[in-house]
């Protein structure tokens, strides 16, 4: 009997929650079991107060190539419309919502190709550290589908509306160097340096003022679909929140004492 490996692994260490897609033989494509496991992991990371930074990555040659088309075709042939047409509200939307709105920084460690929903997942993260051999592909029109997993919201905010439509209409692999130029990648590193680069960045964020990071993240998200006046008011709320925090007091005291502050996210 063949032992089944978990399609997603989730490990918490030193305040960093690492979520790893673990179907290398299938390029980390998303079948129903993987989507359910990913949703559980992302939700756990969002809710766990011990997790101060989240890393999303993949195993093998791919970060994630999106929907598992073998399973998708099987469901089409079986006429299973419920499984086909409920996966966006049941899986993709809650996964990407948790990634984009959790109150802690999220890093995508893009170890290989990120295509379709896989690219969308990376775009929902705050920072994308990309291996030199990796790339992005907005593959949706290749299978005559619309975009999903938040790409219609995140991609224009990263590259602008016109470039977003171009990338979506005419999908091709966007190499890491071009991804950096476009703003899709935060940083590109040699493949063998990706793990160390991401670990150092995640450790730095986890040790930082996470309540401040959460408030900044929420303020930027809020301003994306609100006017200037409303955004100023929300900024004020977040400033009051962080100004009353123990972290702020520690930071001020440490500054005056010329010491390094420690933070607890409260």
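Before moving on, here are some points about what is shown:
- Degrees separating the helix 69-78 axis from the principal Cα axis of the chain, which is the longest one: 50 degrees
- Overall, the anisotropy analysis places region 70-139 in the oblate class: the square-rooted eigenvalues a ≥ b ≥ c of its C-alpha gyration tensor yield a/c not less than 1.5, with a/b not exceeding b/c.
- For the chain, alpha-carbon Rg over 2.2 N^0.38 Å: 1.05
- Gyration tensor (alpha-carbon) shape descriptor, region 164-252, a/c threshold 1.5: oblate
- Kirkwood-Stokes translational diffusion coefficient of region 210-256, alpha-carbon pairs, 25 °C, 0.890 mPa s, µm²/s: 217 µm²/s
- Degrees, to the nearest 10: 210-224 long Cα axis against longest axis of the chain: 60 degrees
- Under a Gaussian network description of the chain, with springs only between Cα atoms under 10 Å, the residue in 229, 210, 97 that fluctuates furthest is 229.
- Cα gyration tensor shape of region 2-84, rounded if a/c is under 1.5, else prolate or oblate by comparing a/b with b/c: prolate
- Relative exposure of 120, 219, 29, 146, judged by other C-beta atoms within 10 Å (fewest first): 146, 219, 29, 120
- Summarising the label geometry, the points placed 7 Å from Cα in the beta-carbon direction at residue 237 and residue 177 lie 4.6 nm from one another.
- Inter-label distance for residue 230 and residue 133, nm, one decimal - labels placed 7 Å from Cα along Cα-to-Cβ: 4.6 nm
- Estimated D of region 72-228 in µm² per second, where Rh is the Kirkwood radius over Cα pairs and Stokes-Einstein applies at 20 °C, 1.002 mPa s: 128 µm²/s
- Principal-axis analysis of the Cα atoms of the chain puts helix 246-256 at an angle of about 50° to the longest axis.
- The slack in the chain from residue 49 to residue 36, taken as 0.36 nm per residue of separation less the alpha-carbon distance, amounts to 2.5 nm.
- The label-point distance for residue 146 and residue 253, in a model that sets each label 7 Å from Cα toward Cβ, rounds to 5.3 nm.
- A Förster distance of 30 Å, applied to the separation of the beta-carbon atoms of residue 12 and residue 222, puts the FRET efficiency at 0.60.
Where a number appears in this text, it was derived from the coordinates with a stated rule and is not lab data. As the structure is a prediction and not an experimental result, all values here were calculated from the model. Counting neighbours? That spans all protein chains shown, and the Cβs are built from the backbone with ideal geometry, glycine included.
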